[in-house]
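Colleague: Below: one structure in structure tokens.
The values are calculated or read from the model by the stated rules, or taken from the named source; none is laboratory data. Source: prediction; values computed, not measured. When we count neighbours, we look across all protein chains shown, and the Cβ atoms used for this are built from the backbone with ideal geometry, even at glycine. With ligands, DNA and RNA removed, areas are computed over all heavy atoms of the protein, side chains included. Shrake-Rupley method; radii C 1.70, N 1.55, O 1.52, S 1.80 Å.
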Amino acid sequence: MCQPTRRIPFGFRGDWGLLYKRYTDGCSLNLKNETVNYEDNKYVEIGMSIQFKPVGEITITREQTLKGLKTPTCFITVETTDSYFDDNIKDYVCCIDVGDIVKVFDKVWIVTSIKENVKYTPKKLSFYYLDLTSLS
């Protein structure tokens, strides 16, 4: 996916972070932006800050990534309202997808799942809950 053109943050107080999308040749992103390499993929910072609010605390566990190698891994769930209008489905969707990388709370994270909670006031307001796993 290329850079979203419109978004509607309707907000809360949170920490600002950076969003990185996996780069493909079909996107016209400015490759002067910061990049992150992860699992043979290049992720490019899309030039848009996203607001994140932690839901709960950071959980630190030890995972065995290779036989005999245990590394500390952090997990956290965050909330965001940042979204953009998708002309194909004629609705707003979260700017972030599963597999995207975000840099927030002084760490680099990969998004492992997204859940949407919708409230009507009477306008539709979507709150997105993202499960993040640290990369470092």
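Colleague: Given Cα pairs under 8 Å that are at least 6 residues apart, what percent is the relative contact order of region 76-136?
Modeller: Here the relative contact order equals 36 percent.
Colleague: Go through 125-131, 111-117 and give me the packing order, highest mean Cβ count within 10 Å leading.
Modeller: Those peptides, ordered most packed to least, come out 125-131, 111-117.
Colleague: Another question about this same structure. Describe numerically, in nm with one decimal, the distance between label points set 7 Å from Cα along Cα→Cβ at ARG62 and at ASN117.
Modeller: A separation of 3.4 nm, rounded to one decimal place.
Colleague: Scan around THR73 for amide H atoms under 5 Å from its own, H built in the peptide plane at 1.01 Å from N, and keep only partners 5 or more places away or cross-chain.
Modeller: Close amide H contacts, sequence-distant or interchain: THR61, ARG62, GLU63.
Colleague: Amide H neighbours of CYS95 under 5 Å, at least 5 residues apart or on other chains, H built in the peptide plane: list them.
Modeller: Correct list: SER83, TYR84.
Colleague: How would you rank 84-94, 39-49, highest first, on the average number of other Cβ atoms within 10 Å across their residues?
Modeller: Order by mean packing, descending: 39-49, 84-94.
Colleague: Hey, any idea what % of region 41-130's accessible area is carbon plus sulfur with a 1.4 Å probe? Kindly include the intermediate steps, with their values, before the conclusion.
Modeller: Working: 2640 of 5050 Å².
The computed percentage sits at 52.
Colleague: Using a cut-off of 15 Å between beta-carbons, work out the net charge of the residues near GLU39 (Lys and Arg +1, Asp and Glu -1, GLU39 not included).
Modeller: So the environment of GLU39 carries a net charge of +1.
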